[in-house]
Amino acid sequence: MVDSYDYLILSLIAIYRTVLSNEMKEIIPTCEIIELSKENYQEQERILMNILETVLVKMSNINKAQRNFMVALLMNLMRLRGKANYRNLSRYSDYHEKSYSCWFKRDFDFIEFNRLNVN
């Protein structure tokens, strides 16, 4: 059985692949391996945020507060090292542990999110 956390991870992988496939054509025209500098990382993070916001705006069943939370959550999970529990998530964001707990109790349509992300 696949739970919502698995859908979240699949969403992150799909978004990251989208950013890489779009950006690799411009950043790395050949198959060279480059070290990501801080500027490149920040640029990829900005592009990723724009993609997330665009996809979440297309979803009609979520409000602005949930959209902001999902962007913050997904970006935080991309940066987080170690366990992804409420305490660690709250250390690296503006949300409190209880806020994460409350938001995780709500339903989120990850299948629709992934479908819109692929398109």
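The values are calculated or read from the model by the stated rules, or taken from the named source; none is laboratory data. Small disclaimer: the values here were computed from a predicted structure and weren't measured. Neighbour counts run over all protein chains shown; Cβ positions are idealised from the backbone, glycine included.
If you take the residues of the stretch 94-119 that are over 15 Å from the mean Cα position of the chain (by Cα) and assigned to a loop (DSSP other than H, G, I, E, B), which of them is nearest to residue 54 (Cα to Cα)?
Ranking the candidates gives 119 first.
Could you tell me whether residue 63 is surrounded by fewer than 15 Cβ atoms within 10 Å (Cβ to Cβ), among the polar types (S, T, N, Q) and at pLDDT below 85?
no
Look through 106, 81 and report the one residue that is loosely packed, with under 15 Cβ neighbours inside 10 Å, free of Cβ contacts under 8 Å to residues at least 24 places away in the same chain and charged (D, E, K, R).
Within the list 106, 81, the selection yields 81.
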